[in-house]
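Structure first, then comments.
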Amino acid sequence: MQKKHLAAAAALAALSAAGTAQAQSSVTIYGLIDSGVEFVNHAGANGGSVTRLSSGTMNTSRIGFRGSEDLGGGLKAVFQLENGFKLDNGNFDGDASQLFNRQANVGLEGGFGRVVVGRSFSTTYDFILPFDPMGYSANYSWVTSAGATGGRKDGMPTGVSNLVKYQGEFGGVKIGAMYGFGEVAGSASDSSKYGVGLGWGTGPFSIAGTYDRVNGTAAIVGAAYDKTTTAHLAAGYQLTDAWKFNLGYRYYKKSLASGATDLRSDFFWGGASYKFTPAMTVIGTVYYQNIKNVANDADPIMYSLRLKYAMSKRTDLYLSTAYAKAKNGQLVGLSRDDVAFGSSQFGMTLGMQHRF
């Protein structure tokens, strides 16, 4: 009888330990579904207008998995897998060969901060995008890249593969750094990316600055390659519970391996949001890019406005509109992704977003 009691106790202890181990690990499935009906003019080579169903017009639609395991002593193992998709047709949003085109990483987190390896967003994206009043918008925002002339975007590095990234926050000071391996045999520099970020916040005020270098790939190993340098500075101020203001600046320089004139631009944005009620918010932003070293440059400017209504904590309705214009007859587009067909463009989107 005593042996039976001991066996039962051992079994209960094992079940208890298993339950404790299970409780210390977690996996979350999450996502965001965003789509809207958009009208936009100058949408084709013939200069015509179009009305279309667009996906991710306020934020990119996505589905993801993230989890953690408590390793003890304040240390956790973490992972994240995230795919972006287009709601209007079900396609991948981006490179169709990338199953998890937004996030695919694993790492460790503790009192020292968080280190991940794999694919993730750049340090600049993490530090600067929170200062965009339009809030990570795929449409009608130029913070990641502007719709300038001749295919030039002059933007920041966003998604980075082959990445090692660190981020930590200590007493209101946030620091971050990343390195993306170029993985070119015979050269540690070809195709590599690196960046650093520093942020600080106290009370209603916050500020962040970043620096990046993105190297191109040389046609011949050891030969010259293009080098893109960006630096950002952004700030935010929460004046009242209703009013919030943001400003930002980007320095952009691309040195060409061919020895041609550098591609240079300065980019500025500023905007504000105002809550009429806890559910109703209006957001207005101006984006301007000053392109240098080019005759008859575009120097595009865009005005964006959004009215957002929160139906619940997870579901929003929104109405967004924007107008962009370039100088000297150069081409300009509202979206960072679409091809431009005119020297100005107007768009309006009525959309819905749900988060789970």
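Quick notes
- For segment 79-170, the relative contact order works out to 27 percent when only alpha carbon pairs closer than 8 Å and six or more residues apart are counted.
- Taking every alpha-carbon pair under 8 Å whose residues sit at least 6 apart, the chain reaches a relative contact order of 14 percent.
- Taking amide H atoms as placed 1.01 Å from N in the peptide plane, the amide H of Thr217 lies under 5 Å from those of Ser191, Asp226, each 5 or more residues away in sequence or on another chain.
- Student exercise, segment 209-356 dipole from Lys, Arg, Asp, Glu Cβ charges, in Debye to nearest 20: 340 debye
- Distance between segment 155-227 and segment 293-356 - C-alpha centres, whole angstrom: 27 Å
- Long pairs among Lys86/Lys227; Lys254/Lys325; Lys165/Lys292; Lys86/Lys325, criterion Cα-Cα beyond 30 Å: Lys86/Lys227; Lys165/Lys292
- Whole-percent carbon and sulfur share, accessible surface of segment 62-121, 1.4 Å: 58 percent
- Alpha carbon centroid spacing (whole Å) that separates segment 228-254 from segment 95-114: 25 Å
- Equivalent ellipsoid semi-axes - Cα gyration tensor, segment 97-240, angstrom: 27, 20, 14
- Segment 163-262 - convex hull of alpha carbons, volume per residue in Å³: 100 Å³
- Whole-Å semi-axes of segment 217-290's equivalent ellipsoid (Cα gyration tensor): 41, 11, 10
- Per-residue SASA entry for Phe112, accessible area with 1.4 Å probe, Å² rounded to 10: 90 Å²
- Coupling constants for segment 301-308 follow from the phi torsions by the Karplus curve (6.51 cos²θ - 1.76 cosθ + 1.60, θ = phi - 60°), and in residue order they are 9, 9, 10, 10, 9, 9, 10, 10 Hz; glycine and proline get x.
- For segment 324-331, the Karplus equation 6.51 cos²θ - 1.76 cosθ + 1.60, evaluated at θ = phi - 60°, returns couplings of 10, 8, 10, 8, 6, x, 6, 7 Hz by residue, with Gly and Pro reported as x.
- Dipole axis of segment 220-350 (+1 Lys, Arg; -1 Asp, Glu on Cβ), positive-most option in Thr315, Trp269, Thr229: Thr315
- P(r) of segment 39-117 over all Cα-Cα pairs, binned every 5 Å from zero, in whole percent: 3, 14, 15, 14, 13, 12, 10, 6, 5, 4, 3, 1, 0
- Compactness of segment 180-336, taken as the C-alpha radius of gyration over 2.2 N^0.38 Å, stands at 1.33.
- What the phi angles of segment 264-269 give under the Karplus curve with 6.51, -1.76 and 1.60, with θ = phi - 60°, is a coupling list of 10, 7, 10, 10, 10, 8 Hz, glycine and proline written as x.
- Working from Cα pairs under 8 Å separated by at least six residues, relative contact order for segment 250-338 is 20 percent.
- Cross-link reach is defined here as a Cα-Cα straight distance under 12 Å, omitting same-chain residues fewer than 8 places apart; for Lys76 the aspartates and glutamates meeting it are Glu109.
- Angle in degrees between helix 2-23 and the longest Cα principal axis of the chain, rounded to the nearest 10: 10 degrees
- Farthest positive-ward along the chain dipole, Cα basis, beta-carbon charges - from Asn296, Gly180, Ser68: Ser68
- Between Ala279 and Asn293, residue separation times 0.36 nm minus the direct Cα-Cα distance comes to 0.4 nm.
- The H on the amide N of Leu71, modeled in the peptide plane, is under 5 Å from the matching H of Lys76, Ala77, each at least 5 residues off or on a different chain.
- Only Lys, Arg (+1) and Asp, Glu (-1) charged, at Cβ; segment 162-224 dipole about Cα centre in debye: 100 debye
- Ratio of Rg to Rh for segment 83-174: 1.01 [Cα atoms; Kirkwood radius as inverse mean 1/r over pairs].
- Helical content alone sets the calculated 222 nm signal of the chain at -2500 deg cm²/dmol, taking -39,500 (n - 2.57) per DSSP H segment of four or more residues and averaging over every residue.
- Solvent-accessible surface of the chain, taken per residue with a 1.4 Å probe and all protein chains present: 49 Å².
- Cα-centre dipole for the chain with unit charges at Cβ (Lys and Arg positive, Asp and Glu negative), debye to 20: 460 debye
- Two-decimal Rg/Rh across segment 90-134, once Rg and the Kirkwood Rh are taken from alpha-carbon atoms: 1.06
The values are calculated or read from the model by the stated rules, or taken from the named source; none is laboratory data. Source: prediction; values computed, not measured. For neighbour counting, all protein chains shown are included, and Cβ atoms are generated from backbone atoms with ideal geometry for every residue, glycine included. These area figures cover heavy atoms from the full protein model, side chains too; ligands, DNA and RNA do not enter into them. Shrake-Rupley method; radii C 1.70, N 1.55, O 1.52, S 1.80 Å.
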